[in-house]
1. Name, by its number, the condition in (1) at pLDDT below 95; (2) not in a helix (DSSP H, G or I); (3) not hydrophobic (A, V, I, L, M, F, W, C) that does not hold for A:G45.
2. Scan segment B:388-400 and tell me whether some residue there is farther than 25 Å from A:I283 by Cβ and either surrounded by 12 or more Cβ atoms within 10 Å (Cβ to Cβ) or without any contact (Cβ under 8 Å) to a residue 12 or more places away in the chain (or both).
3. Of A:M37, A:M1, A:M58, which residue is hydrophobic (A, V, I, L, M, F, W, C), touching a residue at least 24 places away in the same chain (Cβ under 8 Å) and assigned to a helix (DSSP H, G or I)?
4. Every residue in segment A:243-253 that is within 10 Å of another protein chain (Cβ to nearest Cβ) and touching a Pro at 6+ places or on another chain (Cβ under 9 Å), please.
5. Test of understanding: among A:A232, A:A310, A:A323, which residue is in contact (Cβ under 8 Å) with a residue 40 or more places away in the chain, within 23 Å of A:A83 (Cβ to Cβ) and small (G, A, S)?
6. I'm trying to understand the selection: among the residues of segment A:260-289, which are closer than 22 Å to A:K319 by Cα, hydroxyl-bearing (S, T, Y), within 11 Å of chain B (Cβ to nearest Cβ) and surrounded by fewer than 17 Cβ atoms within 10 Å (Cβ to Cβ)?
7. Give segment B:12-34 a look and list any residue that's surrounded by 24 or more Cβ atoms within 10 Å (Cβ to Cβ) and part of a loop (DSSP other than H, G, I, E, B), or say none.
8. Closer than 30 Å to B:K386 by Cα, touching a residue at least 24 places away in the same chain (Cβ under 8 Å), part of a helix (DSSP H, G or I) and more than 14 Å from chain B (Cβ to nearest Cβ), is that true of A:I257?
Number of protein chains: 2
Amino acid sequence: MKAVGIVVEYNPFHNGHHYQAKQARQETDSDVVIAVMSTSFLQRGEPAIVSKWTRTQMALANGIDIVVELPYLYATQKAELFAEGAVSILHGMGVSALHFGSESGKITDFIKLVDTMNEQAPKLDPLIRLYMNQGFSYPKASSKAFSDLSLETQGLSLTEPNNILGFHYVKTIKEKYKSIQPETTLRIKAHYHEETISSDSIASATSIRKAIQEGATIENLKHVIPKETLVALNDYYSYYINFHTWDCYFPLLQYKIMTSTIEQLRLIYECEEGLEYRIKETIREAESFSDWMTKLKTKRYTWTRLQRLAVHILTNTSKETIANGLSTKLPYIQLLGLTKNGQAYLSASRKIRQTELLTKRAKATGIVAHLEEKATSVYIQPLQPKKRIEALRQEYQGPIILK
Amino acid sequence: MKAVGIVVEYNPFHNGHHYQAKQARQETDSDVVIAVMSTSFLQRGEPAIVSKWTRTQMALANGIDIVVELPYLYATQKAELFAEGAVSILHGMGVSALHFGSESGKITDFIKLVDTMNEQAPKLDPLIRLYMNQGFSYPKASSKAFSDLSLETQGLSLTEPNNILGFHYVKTIKEKYKSIQPETTLRIKAHYHEETISSDSIASATSIRKAIQEGATIENLKHVIPKETLVALNDYYSYYINFHTWDCYFPLLQYKIMTSTIEQLRLIYECEEGLEYRIKETIREAESFSDWMTKLKTKRYTWTRLQRLAVHILTNTSKETIANGLSTKLPYIQLLGLTKNGQAYLSASRKIRQTELLTKRAKATGIVAHLEEKATSVYIQPLQPKKRIEALRQEYQGPIILK
């Protein structure tokens, strides 16, 4: 059986995701679609609005055969490390292709760009580093360096978030996992950051989240998300009374910062260049997460970069832990859910899969599992006590199986 | 002008406190009553139900001339260190007498007991330590040691909380502050731990808090607390919507423990003998503070001891910080409030007062002030954002002056 891998957050699952899953299967001629999905906290430094279990349900009902965890260690990283982690997990699952949506839509553009960057690395890398030291983000620094050296970027704008991720998927594949065939399609219509929902059947997850937070009813969303997503969102909300947003965690974050010493903050991952002082100063009188972010923000750091830092503070994740985690070989892959077709693949692929697949979560040993356990416990902390304990127990109940 | 000092928590101020203030003034023939009052967290390891500012107001309206802080460093300690801190502050304020309520009521009993303990120290101390190592609390260990050596305890039961504190006040005075005259009166009627309110005009603070938490109306309490206390409690509650109880802080505490490593917990003050493992294990499925305490409690530790540990975890207070704080000379005394009479005393006593008196709180420097600032920030964290910021600012607005 041939498997194609995709890298997802499903925050929440919508028609565009459904479309991508179909495309991935067709374009790579695969029998199985495997999604590696971020767990509780996402790459943009935000909590997922609903739990990984609910998001897994949504996916299985809409064309995904297997969902496995992209653990905290990778899910909350900048594009490069995020991509490396995700691809290594898909490789561990034995996929022969990786499919991603992009603003470009042409896989040859990505491949050529990676080739150019590899060939020109001796000249490009120092220049990119120079611009980054001047305070430019990686995409901006790269595009300035390309322009300085009059290199072709294949028309690939690396300021587009899905192009950046795609670039890093292809780069990782070419460096380490040559057996995987990369493939991309044009993301249709909705851009990643687009904030309003149109009448079309495709809307960005950002715009859907925004609509939900502004009180959109199920009726308002039914043309952009599958029925199962609607039901799952609705069930989650009725049971837990809230979606998970930064506002649920801000009192904890503020408490954490107020009680931490400067030295303790400095140990946190991504807390660099004296940011600990600025964090301490700005938190005291902050009224909400966005109020704090506005006070904290400077030109030097992107909003996303600071949100990720906030996640690491919230979860008390140190530089040392991440460094140790990233230097360790991927210890296991955690299964979140699967269909019958997914089960068939797991049996058929036993020999080609490279990494241990945990069907039930074990008692955490090792950095990846410990980080994940801690992130989960933070994620569920705003729930009411009895529901928090239920959510805690769910972690050990094994994967969701779609009959 | 002659000043008498008293050591108080006023959680909340009631008729018994009013009575003690009068007695202190009369029995020591003093012009001024100075109260050194615990700030946000109390000796039994609990948050004060209302802020130190509100409790200061209550005191000034009812016979106290000056209220100064008993800072976190001393206020959350076992009797010995609590007493040493409190007496050193009153000494710094230039008091010539210290008055306390006790279950005994006879100052000669305390003095004789302290003398006996000092004389018999070579035999007593190793025996007390032996019993404490066997898991007995200090009071129990002492009384067992006394009985082994057939020594007179002057009928002073050291299992009574106010006798214990009184004993340590007298001990500290005899060791370090001989210029202070100790004095005690019998606590009338209500015992410290008594949980129900009778029809008498004296009730314990414990019983009053219990009644308040069970929804007692002002009407129910007006025979046991002064009018000003009623009004202040009522104002506080209407403005902040809640009194401060452990339940307000439990989500923060649970979050803190869930995100701390075993090594980080071990650094916390009073976290001894592997308690960190028990803390981690029991917190996961705890539904409330009292549920957790019940799970955590063993014979070896008193409830109070564990509650104090919980306070130190909540405020992220390390062994190192406390050790450094306790080894430092009292750096300043923070004024919380005063009457006209109190103002006159401050002018008159300028030369005899030994320690700098801060009328306005300064930017925190030094361990005592840092600890205090941190404890305040934790204390006010459950308030709504705008009210939290107001409470934060109040810290720097200077003392309450009763006109």
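1. All conditions are met except number (1).
2. Step one: list which residues in segment B:388-400 are farther than 25 Å from A:I283 by Cβ, which gives B:399-400.
Then keep just the ones that are either surrounded by 12 or more Cβ atoms within 10 Å (Cβ to Cβ) or without any contact (Cβ under 8 Å) to a residue 12 or more places away in the chain (or both); that gives B:399-400.
Yes - at least one qualifying residue is present in segment B:388-400.
3. Sole residue among the options that is hydrophobic (A, V, I, L, M, F, W, C), touching a residue at least 24 places away in the same chain (Cβ under 8 Å) and assigned to a helix (DSSP H, G or I): A:M58.
4. Within segment A:243-253, A:Y249, A:F250, A:P251, A:L252 meet the criteria.
5. When all the criteria are applied, what remains is A:A310.
6. Across segment A:260-289, the qualifying residue is only A:T261.
7. Hits for segment B:12-34 are B:P12, B:F13, B:H14.
8. No, not satisfied.
The values are calculated or read from the model by the stated rules, or taken from the named source; none is laboratory data. Just so we're clear, the structure is a prediction, and the values are computed from it rather than from any experiment. As a convention, Cβ positions derive from the backbone with ideal geometry for all residues, glycine included, and neighbour counts pool all protein chains shown.
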